[in-house]
Amino acid sequence: QVQLVESGGGLVQPGESLRLSCAASISNFRTSNVGWYRQAPGKQREVVATLTAAGLTNYSDSVKGRFTISRDNAKSTVFLRMNSLKPEDTAVYYCSVWRTPFSFWGQGTQVTVSS
């Protein structure tokens with residue numbers, strides 16, 4: 001059974017940083033694509049950052065230059081480093097791992113940015 005377990009969320013002040021982690025119990029993690037998504041109250045889930053198995057990254061315009069996605073294939077873990085956090089970054093953050101035709105999601109971790 002595939003499991004994705006996120007951690008690292010919390011309450012921070014504007015301008016501070018957080019690092020989210022997502023540990024995946026999945027075979028062939030190295031050949032899977034990974035990504036982080038978020039959903040704020042009353043809004044649809046949106047993509048934050050993706051990282052392909054080949055190492056290509058993509059970021060939403062709202063986080064470009066502030067967030068960095070990375071992976072440790074040896075530990076089957078995905079990271080999201082978030083710097084210069086803003087109140088509008090407040091959301092539940094979800095990690096996803098996919099390899100066509102399968103995709104898997106974590107349970108989410110809350111990030112709240114507030115003074």
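The values are calculated or read from the model by the stated rules, or taken from the named source; none is laboratory data. The model shown is predicted, which means the values in this text are computed figures rather than measured ones. Cβ: placed from backbone, ideal geometry, glycine included. Neighbour counts: every protein chain shown. Side chains included, ligands, DNA and RNA excluded: accessible areas come from the protein's heavy atoms. Shrake-Rupley method; radii C 1.70, N 1.55, O 1.52, S 1.80 Å.
Can you send over the carbon and sulfur percentage of the accessible area for the chain, probe radius 1.4 Å, protein chains only? Spell out each step's value before the answer.
Numbers: 3020 of 6270 Å².
Of the solvent-accessible surface of the chain, carbon and sulfur hold 48 percent.
Ignoring everything but the protein chains, give the 1.4 Å probe accessible area of Asp61 in square angstrom, nearest 10.
130 Å²
Hey, rough spin-label estimate for Trp98 and Ala54, points 7 angstrom out along Cα→Cβ, what's it come to in nanometres?
The modelled label-to-label distance comes out at 1.7 nm.
Once the Cα atoms of the stretch 1-91 are picked out, what are the Rg and Dmax in Å?
Gyration radius and largest Cα-Cα distance of the stretch 1-91: 13.3, 38 Å.
How about Lys64: which lysines have a C-alpha closer than 18 Å to its C-alpha, ignoring those fewer than 8 places off in the same chain?
Filter leaves Lys86.
Which value, in debye to the nearest 20, gives the size of the charge dipole of the stretch 1-76 about its Cα centre, when Lys and Arg are +1 and Asp and Glu are -1 at the Cβ?
The calculated dipole for the stretch 1-76 is roughly 60 debye.
Taking +1 at the Cβ of each Lys and Arg and -1 at the Cβ of each Asp and Glu, which of Pro41, Met82, Ala23 sits farthest along the dipole of the chain towards its positive end, judged by Cα position relative to the Cα centre?
Of the candidates, Ala23 comes out farthest on the positive side.
I want to check the label-to-label distance for Arg45 and Ser25. Put each point 7 Å from Cα in the C-beta direction and report it in nm to one decimal.
Going from the Arg45 label point to the Ser25 one covers 2.1 nm.
Would you mind working out the magnitude of the charge dipole of the stretch 44-115 relative to its Cα centre, with +1 at each Lys and Arg C-beta and -1 at each Asp and Glu C-beta, to the nearest 20 Debye?
In total the dipole reaches around 180 debye.
For Leu11 and Asp61 in the same chain, what is the full-extension length gain: residue separation times 0.36 nm, less their Cα-Cα distance, in nm?
Length gained, Leu11 through Asp61: 15.7 nm.
With θ set to phi - 60° and the Karplus curve 6.51 cos²θ - 1.76 cosθ + 1.60, what are the ³J(HN,Hα) couplings of the stretch 48-59 in order, to the nearest whole Hz, using x for Gly and Pro?
Those phi angles translate into 9, 7, 10, 9, 7, 4, 7, x, 7, 10, 8, 10 Hz.
Could you give the accessible area per residue of the stretch 1-93, probe 1.4 Å, as a whole number in Å²? Can you show the working numbers first?
Values: 5000 Å² over 93 residues.
Roughly 54 Å² per residue, with all protein chains present.
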